[in-house]
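First the structure, in the form of C-alpha cells, and then the observations on it.
The values are calculated or read from the model by the stated rules, or taken from the named source; none is laboratory data. Just so we're clear, the structure is a prediction, and the values are computed from it rather than from any experiment. Cβ placement follows ideal geometry from the backbone for every residue including glycine, while neighbour counts extend to all protein chains displayed. Calculation scope for accessible area: heavy atoms of the full protein, side chains included, ligands and nucleic acids excluded. Shrake-Rupley method; radii C 1.70, N 1.55, O 1.52, S 1.80 Å.
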Amino acid sequence: DISGVAPLTPASATAYGSVDQVVLSAFGSGYTFPTVDFDLPDDPNGVQASAHAEFDPNTGEITAVVVDNPGSGYLTPPNVVIRDGTLFDPIRNGGSGALATATLAVSSIVVDSPGSGYISAPSVVINDPTGTGALAEAQVNAGTISAITVTNPGAGYLRVGMRKFI
C-alpha cells in the first residue's frame with residue numbers, strides 16, 4: 001500500500017552487488033606466489049572483482065585476502081579460488097588448501113518492470129536476512145518507477161535480492 005493507494009501494476013527490480021569482504025575458512029600451506037580469482041559477474045555489463053592474498057613466507061599459509069576491486073554485477077557472491085601461481089602459469093607442487101568465501105554489498109538496482117499507478121515513491125526493501133544496512137530510494141516519473149538509487153550499500157549479503165515495492 002503506497003500513500004493509501006495501491007499501484008495498478010507493481011514494479012519489480014533486480015539488485016546487484018559488489019564484493020565487500022573475503023573470509024578465509026582454511027589457510028592452506030606451502031604457497032609461494034598466491035593469486036586470487038573470482039567468478040565472472042552475472043550482469044554482462046558487470047566488472048569482475050579482484051583481490052590479492054597475503055601469506056606467511058615461512059609456512060606458505062594464507063593470512064588474509066584483500067579486495068583490490070570489488071567489481072559489480074553479482075546476483076550472488078562469486079566463488080573465490082586461491083591458487084599458487086596463476087591459472088595459466090601454475091606453480092607445480094606449490095601451495096594448496098586455502099578456502100575462502102565472499103560476501104556482497106548492494107551496488108546497484110536495475111528496474112526490470114516500472115509498474116504503473118504510483119502516486120509517490122514507494123519504499124525499497126532489500127530482502128536478505130544475512131546482510132545488513134542496505135538502503136535504496138525509488139524515483140517516480142509519470143506514475144512509474146524510473147530509477148532506484150542505492151543510498152547505503154550495506155554489507156555481508158550472501159544472496160542479493162529485493163522484494164517488490166512495499
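As a test of reading the structure, rank F55, F38, F88, F27 by solvent-accessible area (1.4 Å probe, protein chains only), most first. Numbers along the way, then the final one.
Values: F55 70, F38 15, F88 190, F27 100 Å².
Ranked from most to least accessible, the order is F88, F27, F55, F38.
State, in angstrom, two size descriptors of the range 37-94 derived from its alpha carbons: Rg to one decimal place and Dmax to the nearest whole number.
13.2, 41
So what's the Cα pair-distance distribution over the range 72-166, bin width 10 Å, in %?
With a bin width of 10 Å, the distribution comes to 15, 35, 22, 14, 9, 4, 0.
Could you compute how much accessible surface V23 exposes when probed at 1.4 Å, giving the result in Å² to the nearest 10?
Approximately 70 Å² of V23 is accessible to the 1.4 Å probe.
Would you mind telling me the share, in percent, of accessible area of the chain contributed by carbon and sulfur at probe 1.4 angstrom? Please report the intermediate quantities before stating the final value.
Values: 4530 of 8640 Å².
Carbon and sulfur atoms account for 52 percent of the accessible area of the chain.
Per residue, how many Å² of accessible area does the chain show with a 1.4 Å probe?
Details: 8640 Å² over 166 residues.
On a per-residue basis, 52 Å².
Give or take rounding to whole Å, what are the principal axis extents of the alpha carbon atoms in the chain, in descending order?
Ordered largest first, the chain gives principal extents of 66, 27, 18 Å.
Quick one: if the Förster radius is 30 Å, what FRET efficiency do T76 and L8 give, using the C-beta to C-beta distance and rounding to 0.05?
Values: r = 32 Å, r/R0 = 1.07.
Plugging the Cβ-Cβ distance into 1/(1 + (r/R0)^6) gives 0.40.
Using only the Cα atoms, work out Rg/Rh for the range 10-72, with Rh taken as the Kirkwood radius, to two decimals. Write down the numbers at each step before the final one.
On the way: Rg = 15.3 Å, Rh = 13.4 Å.
So for the range 10-72, dividing Rg by the Kirkwood Rh gives 1.14.
At 25 °C and a viscosity of 0.890 mPa s, what translational diffusion coefficient does Stokes-Einstein give for the range 77-123, taking Rh as the Kirkwood radius over Cα pairs? Give it in µm²/s as a whole number.
On the way: Rh = 15.5 Å.
Result for D is 158 µm²/s.
Relative contact order of the chain: what whole-number percent is it, with Cα pairs under 8 angstrom and at least 6 residues apart?
Values: 501 pairs, mean separation 49.5, N = 166.
It comes to 30 percent, rounded to a whole number.
Taking the highest mean first, how do the peptides 133-142, 77-86 order by number of other beta carbon atoms within 10 angstrom per residue?
Numbers: 133-142: 16.3, 77-86: 18.6.
Packing order, densest peptide first, comes out as 77-86, 133-142.
In whole percent, what relative contact order does the range 6-72 give with Cα contacts below 8 Å and a gap of six or more residues?
Numbers: 111 pairs, mean separation 24.6, N = 67.
Relative contact order comes out at 37 percent.
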